[in-house]
Protein chains: 2
Amino acid sequence: MDVVSIAHGSGGKESSHLIESIFYKHFNNPILLKQSDSSIIGKVHGDIALTTDSFVVDPIFFTGGDIGKLSICGTINDLAVSCAKPLYITAGFIIEEGFSLDSLDKIAKSMGNEARKNDVSIVAGDTKIVERGRGHRVYINTTGIGVLDSRHSLSPNSIEVGDKIILSGSIGDHGMCIMNEREGLSTLGSIESDCSSLYPLISRILDSNARIRIMRDPTRGGVAQSLNEIASLAGKSMLIDEDTIPVKKNVSAMSRLLGIDPLYVANEGKVIVIVHGDDADNLLGIMKQSSLGVDSSIIGEVVERISGEVNVKTSLGGIKRLPMMSGEVLPRIC
Amino acid sequence: MDVVSIAHGSGGKESSHLIESIFYKHFNNPILLKQSDSSIIGKVHGDIALTTDSFVVDPIFFTGGDIGKLSICGTINDLAVSCAKPLYITAGFIIEEGFSLDSLDKIAKSMGNEARKNDVSIVAGDTKIVERGRGHRVYINTTGIGVLDSRHSLSPNSIEVGDKIILSGSIGDHGMCIMNEREGLSTLGSIESDCSSLYPLISRILDSNARIRIMRDPTRGGVAQSLNEIASLAGKSMLIDEDTIPVKKNVSAMSRLLGIDPLYVANEGKVIVIVHGDDADNLLGIMKQSSLGVDSSIIGEVVERISGEVNVKTSLGGIKRLPMMSGEVLPRIC
């Protein structure tokens, strides 16, 4: 089996061969192929949004995706929820000596496919090789550039009492998929990660006339963490109805097994939209038309500031506080 | 000693505390402090240059710099040699569990200082924590955005026979510093890395009337690698005069000890400029006025394509080929 060696990171002939045979092949676009110290992307007309994320997920291949697909989706989603159309992505690889070239090829292929599907070009890259035991297979940093949609101006300050909270589908799929495969808890069957690019759904949301206040993709820390962050920035509270939140059967079973509330588990293909109360039903209908939002539901609303930032009406009729996460929940899920 | 724990990467309270107490403190700027999924940098007037680089240097603290300073200088230099003024940088950290918070603070401080010195803002960041033995202290990815200087249009295609090759100072300082400190070869005394941001020197070069063909910062693979890449892209050959290339005494001693030609050793604060032959002396004078270019010299010229891409006239009067590097020279120097 051909593997990555330290020489692949030397900047010499082996580096060039690795870059050409894997990265140029899968990311193929004229800007990247110019091979200069910087990539010239030309003018961007409008306000620019910028985001960066490193991916260290373990395992690197999982049901529904791999670290490559995730690294593109994650960055596209961070741009999209900020109301920006994703345009360009850079990719930095930190590869452990001995990693299979075949696996690297598969990962790069996933990245290229996901980028093309979203009309995004991977225009610059970097590869570093570290010794065995000083990395873990492959880590990927992606940095994305997008252009803001000037029709909207999202801000937590615009959030008002009575605004509705829409979630685009079931929770915890990604985090539970990773946990399941990492720990080999196969008795529950496989769980598929929701890893996907949200831009096609979000562009429909932006095209609607709904008064969008803010959007977030609930990754690390899950829906609970995202809602707490929004509530804290907005200086408002939220009341969520547990019964309205879709949780898949196997995710629910896994949650009970591990004693982890799925509200705190990472998603990689879901969006939370806070929208003016009067526009919520209409927007919900629009979101349900997209395959990415078919299970969307209104999960709660913004309320006057009460004791806790975020509260949940439970299935049994009680109200419990949903605090900000603390401590280690699920490491290395993204 | 306070150290980084897995919980610092969970996305919860500990993550927020780490980010606020270290990164926000040292990178402090209004765009970063907005804390959204993407950072809104507004409009950039002109053509945009984009570059990404991951830094895995070992050791992380060395004479003349540290991984933080290097991560900012490296990305600023990649933009600058591409004829772009550096504007914004993103920073992605992959930190090994158990890494000292005090060291992380020092590194972030270096980054903030170097960015401010160059009028660059670190506008977005990301932190991931990996288990012990799956990283090595800290790895940093920086991605930079700059705006092209419209007065110049650099391209290897513009290179002509008779063009001169200017180098801004002594070679091999960074690579030999790292090797010296990694291997503890202290009998030779300390070697200081040349790690520095080249933008102040390069902006003088761009302000001159010299017909610049192309610039490169000779990092991994050193001057030899950069010249081979340029020669290959231009379809020309080069003849270098060994006697004109400044090598510091301790770097030269280290080279002999290790049997490594300093022409292949990394620099982190040097630039190679290919310029029209008639403009070379004037440009050399301008470069020497900058503290970053005080030891600049004309090291050779572009010649008709001959057998090798790059040839060197040795001190003894012979001519030897300077081939593209192959295999492992010095791993993890940047």
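The values are calculated or read from the model by the stated rules, or taken from the named source; none is laboratory data. No experiment lies behind these values; they were computed from the predicted model shown. As a convention, Cβ positions derive from the backbone with ideal geometry for all residues, glycine included, and neighbour counts pool all protein chains shown. Side chains are part of the model used for accessible areas, which takes the heavy atoms of the whole protein and leaves out ligands, DNA and RNA. Shrake-Rupley method; radii C 1.70, N 1.55, O 1.52, S 1.80 Å.
A few comments on the model shown:
- Total residues in the range B:204-241 satisfying the condition of being in a helix (DSSP H, G or I) and within 22 Å of the chain's Cα centre (by Cα): the figure is 16.
- Between A:92, A:98, A:184, the distinction of being farther than 20 Å from residue A:269 by Cβ and within 11 Å of chain B (Cβ to nearest Cβ) belongs to A:92 only.
- Filter result (open to solvent by 10 Å² or more (accessible area, probe 1.4 Å), among the small types (Gly, Ala, Ser) and within 25 Å of residue B:146 (Cβ to Cβ)) within the range A:109-123: A:121
- Taking the range A:7-96 and the helices (runs of 4 or more DSSP H) fully enclosed by it, the elements with 3 or more residues that are hydrophobic (A, V, I, L, M, F, W, C) are at A:30-33, A:67-81.
- Among (1) open to solvent by 10 Å² or more (accessible area, probe 1.4 Å); (2) modelled with pLDDT of 95 or more - the single one residue B:316 does not satisfy: (2)
- So residue B:151, is it among the basic types (Lys, Arg), under 26 Å from residue B:69 (Cβ atoms) and open to solvent by 10 Å² or more (accessible area, probe 1.4 Å): no
- Evaluation of residue A:255 against (1) within 17 Å of residue A:170 (Cβ to Cβ); (2) open to solvent by 40 Å² or more (accessible area, probe 1.4 Å); (3) at pLDDT below 95 (one fails), failing number: (2)
- Qualifying residue in the range A:182-199 (condition: in the same structural domain as residue A:267 (by the TED database), modelled with pLDDT of 95 or more and part of a helix (DSSP H, G or I)): yes
- The range A:12-40, subset facing another protein chain (nearest Cβ under 7 Å) and out of contact with any helix residue (DSSP H, G or I) (no Cβ under 6 Å at 6 or more places or on another chain), residue least open to solvent (accessible area, probe 1.4 Å): A:12
- Evaluation of residue B:278 against (1) within 14 Å of chain A (Cβ to nearest Cβ); (2) of a type outside the set (Gly, Ala, Ser); (3) closer than 23 Å to residue B:156 by Cβ; (4) open to solvent by 10 Å² or more (accessible area, probe 1.4 Å) (one fails), failing number: (1)
- Boolean, residue A:141 is within 11 Å of chain B (Cβ to nearest Cβ) and either in contact with a Lys or Arg (Cβ under 8 Å, 6 or more places away or on another chain) or crowded, with 22+ Cβ neighbours inside 10 Å (or both): yes
- Count of the range B:44-79 residues, restricted to those that are out of contact with any His (no Cβ under 7 Å at 6 or more places or on another chain), open to solvent by 10 Å² or more (accessible area, probe 1.4 Å) and either among the aliphatic types (A, V, I, L, M) or within 11 Å of chain A (Cβ to nearest Cβ) (or both), is 6.
- Long-range neighbours under 9 Å by Cβ, at least six apart or interchain, first residue open to solvent by 30 Å² or more (accessible area, probe 1.4 Å) within the range A:189-202, second aromatic (Phe, Trp, Tyr) and not in a loop (DSSP other than H, G, I, E, B): A:192/A:62
- Criterion: farther than 24 Å from residue A:99 by Cα, in contact (Cβ under 8 Å) with a residue 24 or more places away in the chain, in a strand (DSSP E or B) and hydrophobic (A, V, I, L, M, F, W, C) - qualifying residue of A:147, A:161: A:147
- Of the strands (runs of 3 or more DSSP E) that lie entirely inside the range B:242-334, those containing 2 or more residues that are among the charged types (D, E, K, R) span B:319-321.
- Some residue of the range A:88-96 being surrounded by fewer than 21 Cβ atoms within 10 Å (Cβ to Cβ) and among the polar types (S, T, N, Q): no
- Hits in the range B:128-138 (condition: facing chain A (nearest Cβ under 8 Å) and part of a strand (DSSP E or B)): B:128, B:129, B:130
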